Amino acid sequence: MFSRSPLDWGLIAVYFGFLAVVWLRRSAHRTSAVDYLLAGRRVTLPAFVATLVATWYGGILGVGEYSWRYGISNWLVFGVPYYVGALLFAWVFARRARTAELFTIPDLLDRHYGRGPAVLGALTVFLTSAPAAYVLMLGTLFAAMFGLPLVPCVVAAALLSLFYISRGGLRTVVFTDQVQFVLMYAGFVVMLGFLVARHGGLGYLTRSLPPAHFTWNGGNPAAAILVWYVIALSTLVDPGFWQRAYAARDPGVARQGVLISIVCWIVFDFLTTATGLYARAVLPRLAEPVFAFPELARVTLPPVALGLFYLAMIATVMSTVDSYGFIAAETIGRDLIWRLRQGAHEERVPFYTRLGLWGAAGFATALALARPSVIALWHDVGSITTPTLLLPVGTALLRRGRVGSRWTALAMVLAFGVSLAWVLIKSFPPAGRPAGYPLDLEPIYAGLLVSLAVYAAGWAARSRPHLDAAAEPSAWEGRGAWP
């Protein structure tokens, strides 16, 4: 157990009691789709920043492990590339997304390419938003806290992170994210304060850590760092960003909110990376680095501060599980059930989404237990979904470089299939073949190359209409027909 102090356990109980009150106070009265899914498109700038920052930083145990192993390289792998991706989203997509007045990424694909690519996009969005990595992380944290087996803790993590949003939808997500935002910063500020007071500052770290911990790559090959800069392009098609942009009060809030969030992530990355460095210095022989933060807290913090730090870790992960779990549920409810049930009334979407919450929880739990590695889940899911969505979404929103519905569907299917095949071949290599990616090529590169090749063929066909009757995108816009 993480603590024998009733004060620490009391803080944990108060937090979960707060979530129960949130669930009880959200009445089950019928709400419109725009209110349930997008908080009425009235999310203000402070709320936008808090919910986006809290949502996008759920990998707290993975960050602790990577910092313990590789030092400041953590910032250059899980920080800088995603700042760049967020900047691109703010400058290129944020205002356009809010102005579009849509609900989801598949809505954008449906508007420009029809129902076929929209359904393919929905399946891809569901995969990328199902919070398997974060359910695994929270379950691991619960297992460490309570001394229980991992499987029931992963199941409990999924259920506890989703039950309280079922009634209020995105309004509840945004409200609880603001509380979780405060907790995550408070816990790590307190932890770093205790560490500096007890051990000293930079001088202690330089004396206690391997020299590689202060290099840009942490001793890893450059290619292993570079691939994360390509995977970070997933930010441009991250459904959490798009949902917040659609829900913002106006286009200005959408853009400014992302820019302010980047500053907040830089500050939080400093706190977490510095804490990870102290974890390696204080616990150099830690057997399981995934527990770097929990173990460091156990040997460093007194009661109350210990409970607060555990709350910070729990809140950091739960704010991501509830946000992406809700997006996965929305994908089931609106982008699959409602879209495929032609003529279904839109007021049924909240009901379908509530059903989708349990489907999302079940899928995330199964995937987490089948692939029990947080960093591997980040890598594999990002490598599969980014090539599938990047060109279709980008060209649709920018209204440049679009191809016909059939070309778009073909690009999505092939990019998904090739990237998935690359991942599976490494995970389950054929007999007699050493484990590794085909051609020593990362799956995201293979998927992007295939997608670009199909688009190039589509662009060529547009100049020769007799080769492809569906080459002109406008012929398919809004029809909702399978290509």
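Derived scalar couplings between HN and Hα for the stretch 450-461 equal 5, 4, 5, 5, 5, 4, 4, 5, x, 5, 5, 5 Hz in order, rounded to whole Hz, by the Karplus curve 6.51 cos²θ - 1.76 cosθ + 1.60 (θ = phi - 60°), x for Gly and Pro. With the crude spin-label approximation of a point 7 Å out along Cα→Cβ, what separation in nm comes out for Ser463 versus Leu7? Distance between the two pseudo-spin positions: 7.3 nm.
Relative to the longest principal axis of the Cα atoms of the chain, helix 60-70 runs at roughly 70 degrees. The peptide list 372-382, 136-146, put in order of mean Cβ contacts within 10 Å with the highest first, becomes 136-146, 372-382.
Among Asp238, Asp250, a tally of other beta-carbon atoms within 10 Å of each Cβ gives an order, fewest to most, of Asp250, Asp238.
If the segment from Leu340 to Arg111 were pulled out straight at 0.36 nm per residue, it would be longer than the present Cα-Cα gap by 80.9 nm. When you count the other C-beta atoms within 10 angstrom of each residue and take the mean per peptide, 410-418, 195-203, 322-330 line up highest first as 322-330, 410-418, 195-203.
May I ask you to sort Thr44, Thr275, Thr300 by Cβ crowding, counting other Cβ atoms within 10 Å and putting the fewest first?
Thr44, Thr300, Thr275
Site pair Ser32 and Glu101 shows an inter-label distance of 1.1 nm when each label is modelled 7 Å from Cα along Cα→Cβ. When only alpha carbons are used to place a centre, the stretch 97-171 and the stretch 324-362 end up 12 Å from one another.
Which listed residue (Tyr352, Gln180, Tyr15) has the Cα farthest towards the positive end of the charge dipole for the chain, taking +1 on Lys and Arg C-beta and -1 on Asp and Glu C-beta about the Cα centre? So the residue we want is Tyr352. In sequence order, the stretch 287-300 has phi-based couplings of 6, 10, x, 4, 9, 4, 5, x, 5, 4, 5, 4, 8, 10 Hz under the Karplus curve 6.51 cos²θ - 1.76 cosθ + 1.60, θ = phi - 60°, and Gly or Pro positions carry x. Listed from fewest to most Cβ neighbours within 10 Å, the set Ser319, Ser129 follows the order Ser129, Ser319. Rounded to the nearest whole Hz, the Karplus-based 3J(HN,Hα) values (6.51 cos²θ - 1.76 cosθ + 1.60, θ = phi - 60°) of the stretch 435-442 follow the sequence 5, x, 7, x, 6, 6, 10, 4, with x at glycine and proline.
What whole-number distance in Å separates the alpha-carbon centres of the stretch 35-52 and the stretch 409-463? If you average the Cα positions of each part, the centres end up 37 Å apart. Label-to-label distance for Leu449 and Arg400 is 2.6 nm, based on points extended 7 Å past Cα in the beta-carbon direction.
Rule-based calculations on the coordinates, nothing more; no lab input. Computed from a predicted structure; not experimentally measured. Cβ atoms come from the backbone with ideal geometry, glycine included; neighbour counts cover every protein chain shown.
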